[in-house]
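> First, the structure itself, so that you have it in front of you.
Just so it is clear, none of the values below were taken in a lab; they were calculated from the coordinates. What you are looking at is a predicted structure, and each value in this text was computed from that prediction instead of being measured. Note that each Cβ is placed from the backbone with ideal geometry, even for glycine, and that neighbours are counted across all protein chains shown.
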Amino acid sequence: MAIVRGIHKVSGWLDRIGAGASFIMLAAMVIITGLQIVSRVFFTALSWSEEVARYLLVWSTFIGASCVYKHAGHISVTFVQSLLPGAGKKVLEILVHLICGAFFIVMVYYGIIYAGKQGGQLSPAIRVPMSYLYAAIPVGGFLLLWHAMDTVLQTLTTKSGEEAVTE
């Protein structure tokens, strides 16, 4: 039980950090894009702004997806699940999160391979290794996997009438 609580606590911690990081990245995108508009109208266009905004969008998408997954905010079809009795509903929920977890494992594995292959290539404008951009795939996949594992454990340890603990 202590391990389950520990995993849940880390999941909450990762969620708070991910939400803060996503907010900062999205705010930076807005500022950089606004700066690009002002520079383009009144001065010379910035050569790096579109690339940085694009990379911030990629990172905020993968990290933000984990935050949304943690709070069950993704679109889901629950028609079959709502027809099942309590135990069947629980089994189906666990099965869905296990399937998602399997996909997240594949995402992490191939994301690491793909990011590694991009290490020698530099981005055109800001000249950083492209592996930094592609690292968003395994990082986001790991966060999603952690939240999926937490959700499965919370569902397994919750009694029939109770709601799972969500932070």
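> Please list, in order, the residues from the stretch 103-147 whose amide nitrogen is less than 18 Å from a point placed 7 Å along the Cα→Cβ vector of GLU50.
Within reach of a label on GLU50, which here means backbone N under 18 Å from a point 7 Å along Cα→Cβ, the stretch 103-147 contributes 123-128.
> Let me ask something additional. Could you pull out every residue, at least 5 positions away or on a different chain, whose amide H is within less than 5 Å of the one on LEU122? Hs are placed 1.01 Å off N in the peptide plane, and Pro or chain starts have none.
Close amide H contacts, sequence-distant or interchain: MET130.
> Kindly provide the helix-only [θ] at 222 nm of the chain, computed as the sum of -39,500 (n - 2.57) over DSSP H runs of four or more divided by all residues, to the nearest 500 deg cm²/dmol? Walk me through the numbers before you get to the answer.
Details: 6 runs with 127 residues, N = 167.
-26500 deg cm²/dmol, from helical runs alone.
> Taking LYS159 as the anchor, which lysines have their alpha carbon closer than 30 Å to its alpha carbon, excluding any fewer than eight residues away along the same chain?
Leaving aside lysines fewer than 8 places away in the same chain, those within reach of LYS159 are LYS9, LYS70, LYS89, LYS90.
> Hey, could you grab the Kirkwood Rh for the stretch 17-107? Inverse mean 1/r over distinct alpha carbon pairs, Å, one decimal.
Details: mean 1/r = 0.0619 Å⁻¹.
In the stretch 17-107 this quantity evaluates to 16.2 Å.
> Could you tell me the calculated FRET efficiency between LEU122 and VAL41, based on Cβ-Cβ distance and R0 = 25 angstrom, to the nearest 0.05? Please list the in-between numbers first.
Numbers: r = 30 Å, r/R0 = 1.19.
Efficiency, from the Cβ-Cβ distance: 0.25.
> Find the all-direction average of the projected area of the Cα convex hull for the chain, expressing the result in square nanometres with one decimal place. Provide the component values of the computation, followed by the final result.
Values: hull surface 47.0 nm².
Average projection, Cα convex hull of the chain: 11.7 nm².
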